[in-house]
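See structure below.
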Amino acid sequence: MNKEIKGYGPHLLLDCYEADPVKLGDVALIYDFLEKLPVLIGMNKIGVPQIARFSDPPQAGVSGTIMIVTSHISIHTYTLKRCFFLDIFSCQPFDVEAAIKYVREKFAVKDFTAKLLRRGRKFPSDR
């Protein structure tokens, strides 16, 4: 069998700063965010978001993840530092600009950096 070499898929990394600390600590808001984001960017969810709250400084915040058919989405917030980190990893393309816009609006982000990586450059394809 002849296997072509292709990349696995995109991985969006967002480092977000000067966000609303109340929103960053709101478990219900983060759950809702993880429920809605996959649909917004054209992905299919597997199950429901998994959420953990941390109340001890300086790590106070919320971490959450949701599995998608093509990989996962995860978020880690730091309420006292007013920042969070978000990963969207998929073996299929997704709407990167829609994801960034939604994240910035949902958490009132004033400053961020975004990096889009192509993961698995040597991932074998069965095509």
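The values are calculated or read from the model by the stated rules, or taken from the named source; none is laboratory data. The structure presented is a predicted model; accordingly, all values stated were derived computationally and were not measured. Glycine gets a Cβ as well: all are built from the backbone with ideal geometry, and neighbour counts include every protein chain shown.
What do you reckon, is PHE89 aromatic (Phe, Trp, Tyr) and in contact with a His (Cβ under 9 Å, 6 or more places away or on another chain)? Considered against the rule, which asks whether it is aromatic (Phe, Trp, Tyr) and in contact with a His (Cβ under 9 Å, 6 or more places away or on another chain), PHE89 comes out as yes. Of all the listed residues (ALA108, ALA60), the sole one being at pLDDT below 95, farther than 21 Å from TYR8 by Cβ and surrounded by 14 or more Cβ atoms within 10 Å (Cβ to Cβ) is ALA60.
Taken together, MET1, MET43 contain a single residue that is in contact with a Ser or Thr (Cβ under 9 Å, 6 or more places away or on another chain) and modelled with pLDDT under 95, which is MET43.
One line per residue, one yes/no per condition, for (1) without any contact (Cβ under 8 Å) to a residue 40 or more places away in the chain; (2) over 17 Å from LYS23 (Cβ atoms); (3) touching a Ser or Thr at 6+ places or on another chain (Cβ under 6 Å):
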residue	(1), (2), (3)
HIS76	yes, no, yes
PHE85	no, no, no
ASP95	no, yes, no
LEU116	no, yes, no
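Results for (1) within 11 Å of the chain's Cα centre (by Cα); (2) assigned to a strand (DSSP E or B), shown as yes or no for each residue.
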position	(1), (2)
ALA19	no, no
VAL39	no, no
ARG53	no, yes
ILE73	yes, yes
ILE88	yes, yes
GLN92	no, no
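Answer with yes or no whether TYR102 is of a type in the set (Ser, Thr, Tyr) and surrounded by fewer than 18 Cβ atoms within 10 Å (Cβ to Cβ). Here the answer is yes, as TYR102 does meet what is asked.
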